[in-house]
1. What do you reckon, is residue A:102 in contact (Cβ under 8 Å) with a residue 12 or more places away in the chain and over 21 Å from residue B:98 (Cα atoms)?
2. Would you be able to say whether some residue in the range B:90-106 is part of a loop (DSSP other than H, G, I, E, B) and either surrounded by fewer than 20 Cβ atoms within 10 Å (Cβ to Cβ) or modelled with pLDDT under 95 (or both)?
3. Go through the range A:8-41 and give me each residue that's surrounded by fewer than 21 Cβ atoms within 10 Å (Cβ to Cβ) and under 13 Å from the mean Cα position of the chain (by Cα).
4. Does residue A:112 satisfy being surrounded by fewer than 17 Cβ atoms within 10 Å (Cβ to Cβ) and touching a residue at least 40 places away in the same chain (Cβ under 8 Å)?
5. Scan B:81, B:85, B:103, B:70 and give me the residue that is at the interface with chain A (Cβ under 9 Å from one of its Cβ atoms) and under 22 Å from residue B:15 (Cα atoms).
6. Are there helices (runs of 4 or more DSSP H) fully within the range A:33-111 with at least 2 residues that are within 12 Å of chain B (Cβ to nearest Cβ) and in contact with a strand residue (DSSP E or B) (Cβ under 6 Å, 6 or more places away or on another chain)? List them.
7. So is residue B:96 in contact with a helix residue (DSSP H, G or I) (Cβ under 7 Å, 6 or more places away or on another chain) and within 19 Å of residue B:3 (Cα to Cα) or not?
């Protein structure tokens, strides 16, 4: 089954690396949507069917955490799993994110194997 | 810059370069850094704020940033979109900052990072930065680089 994935990151090179990583990991991607910050990400979610969101934390205009908070307010966090991909290594911050409903956290730099493992677990759970 | 901060920054910078862009770095004496009067450089700063605050800085030749971007994406330089050189340095700065904070402050402390900022430097500004006591001279695949960190306040142990 192909999944529609939304990648939210202000860095075009990171979005390109994630796209390549998904391909290397063998993730079956239907549509790959891209957004440069949380606000643009919410606009995509408003307009398109998305199975999974991969989002950075630290972005201009609207951070990944603010985007998750808006998704919680609108009920989207219950239907669209969010995985944060960021550079921060604080366990406290990771626990905060999970308390907000974020399904998993991948720390940069990441490997295709790790990305596949996390996505398989989340989307496999969704399919069950 | 304390010795602990300095050593952690060198280690983390080299690891990040290797993991993201398949490039290899090593510290070098400043007087042995190659000089190129015609070179243009990119200077990236990423700030962090939490129990203490500060900035991580990385400076590399513009042309080499293009090479790093191409390495990271696995494409040729002529296939790259405009802005990828700047973007690759921002990402290296961003990941280096996050990894450095964990290396020196552990996993419990929470820091917020600023969005990385990049600006162009000419040779004169590069020389001034190179000669400052806050910069560390590096060679990355035999290309000159400068890194540094400034911290205000006490970093949690």
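The values are calculated or read from the model by the stated rules, or taken from the named source; none is laboratory data. Given the structure is predicted, the values throughout are model-derived calculations rather than measurements. We place every Cβ from the backbone using ideal geometry, glycine too, and count neighbours over all the protein chains shown.
1. Numbers: in contact (Cβ under 8 Å) with a residue 12 or more places away in the chain: yes; over 21 Å from residue B:98 (Cα atoms): no.
No: the conditions fail for residue A:102.
2. In the first step, residues of the range B:90-106 are kept if they are part of a loop (DSSP other than H, G, I, E, B); the result is B:106.
Imposing the further condition that a residue be either surrounded by fewer than 20 Cβ atoms within 10 Å (Cβ to Cβ) or modelled with pLDDT under 95 (or both) reduces the set to B:106.
Yes - at least one qualifying residue is present in the range B:90-106.
3. Within the range A:8-41, A:15, A:19, A:32, A:33, A:34, A:36 qualify.
4. Values: surrounded by fewer than 17 Cβ atoms within 10 Å (Cβ to Cβ): yes; touching a residue at least 40 places away in the same chain (Cβ under 8 Å): yes.
Spelling it out, residue A:112 is indeed surrounded by fewer than 17 Cβ atoms within 10 Å (Cβ to Cβ) and touching a residue at least 40 places away in the same chain (Cβ under 8 Å).
5. Details: B:81 fails: under 22 Å from residue B:15 (Cα atoms); B:85 fails: at the interface with chain A (Cβ under 9 Å from one of its Cβ atoms); B:70 fails: at the interface with chain A (Cβ under 9 Å from one of its Cβ atoms).
Result of the check over B:81, B:85, B:103, B:70: B:103.
6. On the way: elements: A:38-47, A:64-73, A:91-99.
Per the criteria, A:91-99.
7. Values: in contact with a helix residue (DSSP H, G or I) (Cβ under 7 Å, 6 or more places away or on another chain): yes; within 19 Å of residue B:3 (Cα to Cα): yes.
Yes.
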